[in-house]
Amino acid sequence: MTKLNNNCNLKDCYYKGEKPIIAFEYTFNINDKEFKTRDQVILGETLHSMNGSSSDTHFIYKVIEIGKVQVGPKTKINLTECGIERFIILPFEQEVLDIEDCYCEGSQPYITFKYRFKVNRIKYETLLEKLTREQIIEFTGKDPAKSRLRIVKNGKPTIVEKGEIIDLTEKGVERFILEPLDCTEGFVAKDCLHRLTHEDELFLNHLPNKVDFISERNLDWVILRNFELPDGYNHKVADVAIMIHPQYPVSQLDMIYFSPCLQRADGKHIGALTNRSLEGKTYQQWSRHRNAANKWDPNVDNVESHLDLMMANLELEFKKR
């Protein structure tokens, strides 16, 4: 008769690259806690019972070499076959974690069901904690071979090399910047204001909106035509104007302007608004300014980051009052 080993620690086997053996008892982790069982095959609902959770309120992942795999309450798990590192059980309320929000709050991203990350102005969702450069670019529908990817981490953009793996749960990850390597055409190359940066040109070239550049009374402006606005206002789209400071990008971009003028659909008051004449029509000036916790950094900030900040203020308006 074959003598069984007393205990098999799944995490140890995983990191040693060994297949778990048949044993008298199995040790494994749920989140950061260690549990033991004498059953070789267990159900998802058994894990819930051991953890003190419920399939009605919590989800389960088993973490294996290829990543995370969802486990249902009736899913059978053979502890000797799966090559399991650990199990994750968390409440559904934590189901999607926005990486940019974590950065802005200065918090450490936690292990969860899905992660939301931003490339340029668009946000994407993934089940994976770790993504390669190529996987991130593929979310955008662009060709990794014809694109440059930069990660903005702890406020500084750096190039992501081919095959490099990004851990979305690492503290300090904010967003990604995708640039085409073959960007040789576009309206900006012919018409751009000399103070716009290369990043600005790439960003504006790839917006679906028409972009105009005007000068009035010795001031230069970028105007995005028919720009989509957050829900809750009396207009779905508007022309959006940004004043380019004479010392930009050393000097910050400030405020934002809309035509036609915006009102809240619920009729509530919007503070700090004034009117300004531009292009022979009325633009509504939103006086929204950076503070000490959100200072302008000319090495990171640009037209795109300013536009993101201003659009966030439109959404935050409904949390103020």
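Filtering region 43-53 to residues that are in contact with a helix residue (DSSP H, G or I) (Cβ under 9 Å, 6 or more places away or on another chain) and either under 17 Å from C8 (Cα atoms) or loosely packed, with under 13 Cβ neighbours inside 10 Å (or both) leaves nothing. Taking the criterion of being free of Cβ contacts under 8 Å to residues at least 60 places away in the same chain, within 23 Å of P249 (Cβ to Cβ) and among the charged types (D, E, K, R), the residues of region 209-238 that qualify are D212, R217, D220. Of all residues in region 83-96, those being closer than 20 Å to N51 by Cβ and free of Cβ contacts under 8 Å to residues at least 60 places away in the same chain number 9. The criterion of being outside the structural domain of G172 (by TED's automatic domain parsing) and either of a type in the set (D, E) or surrounded by 17 or more Cβ atoms within 10 Å (Cβ to Cβ) (or both) holds for E81. Among residues of region 61-75 that are assigned by TED's automatic domain parsing to the domain that holds N31 and within 13 Å of I42 (Cα to Cα), those with a Cβ under 7 angstrom from a residue that is assigned to a loop (DSSP other than H, G, I, E, B) and among the β-branched types (V, I, T), sequence gap 6+ or separate chain, pair up as K62/I84.
For E105, indicate whether it is acidic (D, E) and farther than 29 Å from K19 by Cβ. It is true that E105 is acidic (D, E) and farther than 29 Å from K19 by Cβ.
Taking H289 as the residue in question, decide whether it is surrounded by 15 or more Cβ atoms within 10 Å (Cβ to Cβ) and either part of a strand (DSSP E or B) or not assigned by TED's automatic domain parsing to the domain that holds G155 (or both). No; evaluated as a whole, the condition is false for this residue.
Among the conditions (1) in a strand (DSSP E or B); (2) of a type in the set (A, V, I, L, M, F, W, C); (3) free of Cβ contacts under 8 Å to residues at least 24 places away in the same chain, A145 misses just one, which is (1).
For N205, the conditions (1) crowded, with 18+ Cβ neighbours inside 10 Å; (2) without any contact (Cβ under 8 Å) to a residue 40 or more places away in the chain all hold with the exception of (1).
The values are calculated or read from the model by the stated rules, or taken from the named source; none is laboratory data. From a predicted model like this one, the values you see are computed outputs, not experimental measurements. In this analysis, Cβ positions are derived from the backbone assuming ideal geometry, glycine residues included, and neighbour counts consider all displayed protein chains.
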